[in-house]
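Each remark here refers to the structure printed beneath this line.
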Amino acid sequence: MGESFDRFLRDTLNIPEYGSERARQSESTPIESPDASRENGDQAHPVAADSDEKRAADFSLSDNPENRADNLRFRNGVPDPRAVDALGRYSPLFQSDMDEGIEGLAEYLRTADDDPMVQARLLHDVLALHLSYDYRGFRSGNVPTQNPISVLRRGTAVCQGYADSFSYIGRKMGLNVITVSGYARGIGSGSFAREDPSESNHAWNVLTVKGSRYIIDVTWDSDDYSTDYLFLYPEQAIYSRLPSRPGYQFLAEKISTSEFTNLPFIRGAYFDIYSTVPSNLGRVMQLRDYSSFALPGVSDYGFSAHWVDSAGVRSRNGIFIEADSEETRVYLAPESEGEQTLQIFAKSGTTPESRFIMELGIIAARVEHILLPELYSGYYEGSARLLSDPAMDMRSDERKTLRIHIPGAEDAFVSLQGSRRITMSRSDNHVFSADIPCAPGIQIFAKLESASRYTGIIGY
C-alpha cells in the first residue's frame, strides 16, 4: 500500500516525486522552495509551484518595507480563539474525510477575516496547536512521509511537513505563500558550536502581502505554543536562518555564509522588544577587561542574564543590565576566563516568565578588581534604577557616590558588611545617594511604600 498510496498523494496534491524531472524543474523555479531540504533524514516533498503569472510576478525576489504591517499586532503569544474553534470543527475530519476537512478548514479561515495577515495568523495557530514535532523520527532518522495529508492525519511532523502544510492550506485560502529551505540555528546550535550554513537542515514559509515579506516558522512555534517566529521581517529572520538561495533572504544587500556565521544568536522573542540588532555585536567577542555594550532603549521590561561556561555551569555574577527608554546597557565583568556564553532574558510586566532573547559568545579575561551589583527583589518591586556607574573598583582607595532612584521608597540606607549603617540622603524626586568606600559586602535597603519593613534593593 505504501508506494501506491504515496503516488496517490502526489497525484492528489500535485506534488512532484522527489528526484523526478518535474521535481527538479519545480526546485529551479523562483516561486518555490529552492531545494529539497533534509532535517536529519527528513526528505522534502515540495508543494508544487503555482504556474499563475501573477504569483510569479508577486514573488520577484524583493521586499517592500514601505507597505509593511506592524508585526507586533499579531505576536501576542496567545492562540486566536477562532483557530481553536476551527480545530474543534475540522480536525476530526482529518481522520474520516480529509478532503472535506481541509477544504472546510481553508474556507473557514479565509472567511474569518478579510485581512490576509489575520488569515495567515489563524493558519499558523491551527498548525502550531494541531501538530507536534516528531522527535522520535528526527532522532532515529526514520522520518515518515511529510506531505500535508499524511502530516495532518498523523498529527506529527518535522519542519518540511509543517512548512508544506502551511503552503498547501494557505494557497487554498488564497494566500501568497511559499516554502523555503536552508540552514537554521536549531537544536545543537550555539555561539561556540560548529556551524555550516551551506548544509540545508530546515524549512519554513514566506508570506507576501502588498509586496512585503513575512517569515513564518510554525515548527519553532509549536509544541510549547508561541508567536516568536510569526511574521518576522527579513532583516530580523536572518539572525536565525540562511536560505539556500540568496534571493530568498529578501534583503536589499544579501549576506554570505561567512557573514551569517558571524551574526549573533538572536531569538525570535527579541523582536517583541526591539526591532533592530546593533551592528557592533558579533557571534563571538573578545573581552579583556570590564566592559559594556548597548541595546536599543525600552520601557517596562526587566532583564536578567547568566554566564554558561564550557562545562555547562551557570553563574549570574559579573553581569548587570539597566534599561530605560534611551538604551539598554549591559555591563560585564566576568569572574573566570576563557570561552563563556552570555545568555540574556527579558520579562515584561504582563508576562509571567522571562523569555530567552539572545546569546553572545565571550572569550573573556578574568576581571578580579570590578564588582557589579546583584539585584534583589526590592529593586523590581520598587521600580528602582541605579543612576551611578554600577562598577565597584576594588583597586581604588577612593570613596564612591552611589545614586539610585527608588520612586516607591520612603527612605533608604547602606549597610557596610553588616556592621555599619549609612543613611542615604533623599531628593524630592526620590533619588537616594550616599558616599561609600569601594569594598565588598555593601547592600542598599529601602522602606517601600507598599511594605512595612525594609527590603533589600542591591548588593555588592
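The values are calculated or read from the model by the stated rules, or taken from the named source; none is laboratory data. Just so it is clear, the model here is predicted, and its values are computed rather than measured. Because the Cβ atoms are built from the backbone with ideal geometry, glycine has one as well, and the counts that use them run over all protein chains shown.
Counting the residues of the range 108-139 that are touching a residue at least 24 places away in the same chain (Cβ under 8 Å) and over 29 Å from Gly211 (Cβ atoms) gives 9.
What do you reckon, is Val330 assigned to a strand (DSSP E or B) and either surrounded by 14 or more Cβ atoms within 10 Å (Cβ to Cβ) or within 17 Å of the chain's Cα centre (by Cα) (or both)? So Val330 passes the test. Mind checking whether some residue in the range 75-93 is modelled with pLDDT of 95 or more and closer than 27 Å to Lys254 by Cβ? Yes, that holds for at least one residue.
Could you tell me whether any residue of the range 448-459 is among the small types (Gly, Ala, Ser) and touching a strand residue (DSSP E or B) at 6+ places or on another chain (Cβ under 8 Å)?
In the first step, residues of the range 448-459 are kept if they are among the small types (Gly, Ala, Ser); the result is 450-452, 456, 459.
Now drop any that are not touching a strand residue (DSSP E or B) at 6+ places or on another chain (Cβ under 8 Å), which leaves 456, 459.
Looking through the range 448-459, at least one residue is among the small types (Gly, Ala, Ser) and touching a strand residue (DSSP E or B) at 6+ places or on another chain (Cβ under 8 Å).
Being over 17 Å from Leu360 (Cβ atoms) and more than 22 Å from the chain's Cα centre (by Cα) is a property that Glu339 lacks.
Yes/no matrix, rows are residues, columns are (1) surrounded by fewer than 21 Cβ atoms within 10 Å (Cβ to Cβ); (2) at positive phi; (3) not assigned by TED's automatic domain parsing to the domain that holds Asn71:
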site: Gly188; (1), (2), (3): yes, yes, no
site: Glu199; (1), (2), (3): yes, no, no
site: Trp204; (1), (2), (3): no, no, no
site: Asp223; (1), (2), (3): yes, yes, no
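Residues that are charged (D, E, K, R) and closer than 25 Å to Gly318 by Cβ within the range 413-460 comprise just one, Asp435.
Of all residues in the range 95-128, those satisfying the criterion of being touching a helix residue (DSSP H, G or I) at 6+ places or on another chain (Cβ under 6 Å) and under 15 Å from Tyr162 (Cβ atoms) are Leu123, His124, Asp125, Val126, Leu127, Ala128.
Among the residues of the range 434-445, is any over 19 Å from Pro390 (Cβ atoms), in the same structural domain as Asp397 (by TED's automatic domain parsing) and not hydrophobic (A, V, I, L, M, F, W, C)? First the steps, then the outcome.
Filtering the range 434-445 down to residues over 19 Å from Pro390 (Cβ atoms) leaves none.
No.
Only one of (1) at pLDDT 95 or above; (2) crowded, with 19+ Cβ neighbours inside 10 Å fails for Leu402. Which number is that? Going through (1) at pLDDT 95 or above; (2) crowded, with 19+ Cβ neighbours inside 10 Å one by one, Leu402 breaks only (1). Just one of the numbered conditions (1) in contact (Cβ under 8 Å) with a residue 60 or more places away in the chain; (2) under 29 Å from Arg110 (Cβ atoms); (3) in a helix (DSSP H, G or I) is not true of Trp220; which one? With (1) in contact (Cβ under 8 Å) with a residue 60 or more places away in the chain; (2) under 29 Å from Arg110 (Cβ atoms); (3) in a helix (DSSP H, G or I) applied to Trp220, the lone miss is (1).
Kindly indicate whether any position in the range 104-122 is among the hydroxyl-bearing types (Ser, Thr, Tyr), modelled with pLDDT of 95 or more and over 27 Å from the mean Cα position of the chain (by Cα). Before the answer, list the steps.
To start, the set of residues in the range 104-122 that are among the hydroxyl-bearing types (Ser, Thr, Tyr) comprises 108, 111.
Narrowing further to those that are modelled with pLDDT of 95 or more: 108, 111.
Keeping just the survivors that are over 27 Å from the mean Cα position of the chain (by Cα) gives 108, 111.
Scanning the range 104-122 turns up at least one residue that is among the hydroxyl-bearing types (Ser, Thr, Tyr), modelled with pLDDT of 95 or more and over 27 Å from the mean Cα position of the chain (by Cα).
The residues in the range 434-458 that are closer than 27 Å to His369 by Cα and buried (at least 17 other Cβ atoms within 10 Å of the Cβ) can be counted, and the count is 9.
So which of Leu242, Leu251, Leu230 ends up being outside any loop (DSSP other than H, G, I, E, B), within 19 Å of Asp63 (Cα to Cα) and either assigned by TED's automatic domain parsing to the domain that holds Asn71 or modelled with pLDDT under 95 (or both)? Step by step, each of Leu242, Leu251, Leu230 is checked, and only Leu242 is outside any loop (DSSP other than H, G, I, E, B), within 19 Å of Asp63 (Cα to Cα) and either assigned by TED's automatic domain parsing to the domain that holds Asn71 or modelled with pLDDT under 95 (or both). In summary, helices (runs of 4 or more DSSP H) completely within the range 108-181 and bearing 1 or more residues that are among the aliphatic types (A, V, I, L, M) and surrounded by fewer than 18 Cβ atoms within 10 Å (Cβ to Cβ) occur at 116-130.
Conditions tested, residue by residue: (1) touching a Cys at 6+ places or on another chain (Cβ under 8 Å); (2) surrounded by 15 or more Cβ atoms within 10 Å (Cβ to Cβ); (3) farther than 20 Å from Ser189 by Cα; (4) not assigned by TED's automatic domain parsing to the domain that holds Asn71.
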{"site": "Pro234", "(1), (2), (3), (4)": "no, yes, yes, no"}
{"site": "Phe271", "(1), (2), (3), (4)": "no, yes, no, yes"}
{"site": "Ser275", "(1), (2), (3), (4)": "no, no, yes, yes"}
{"site": "Pro278", "(1), (2), (3), (4)": "no, no, yes, yes"}
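Checking Thr341, Thr350 one by one, the residue that is surrounded by fewer than 14 Cβ atoms within 10 Å (Cβ to Cβ) and either part of a strand (DSSP E or B) or not assigned by TED's automatic domain parsing to the domain that holds Arg185 (or both) is Thr350 and no other. Of all residues in the range 75-107, exactly one satisfies the criterion of being surrounded by 19 or more Cβ atoms within 10 Å (Cβ to Cβ) and without any contact (Cβ under 8 Å) to a residue 40 or more places away in the chain, namely Tyr90. Selection of the range 178-201 for residues being of a type in the set (A, V, I, L, M) and within 13 Å of Asp217 (Cβ to Cβ) yields Val180, Ala184.
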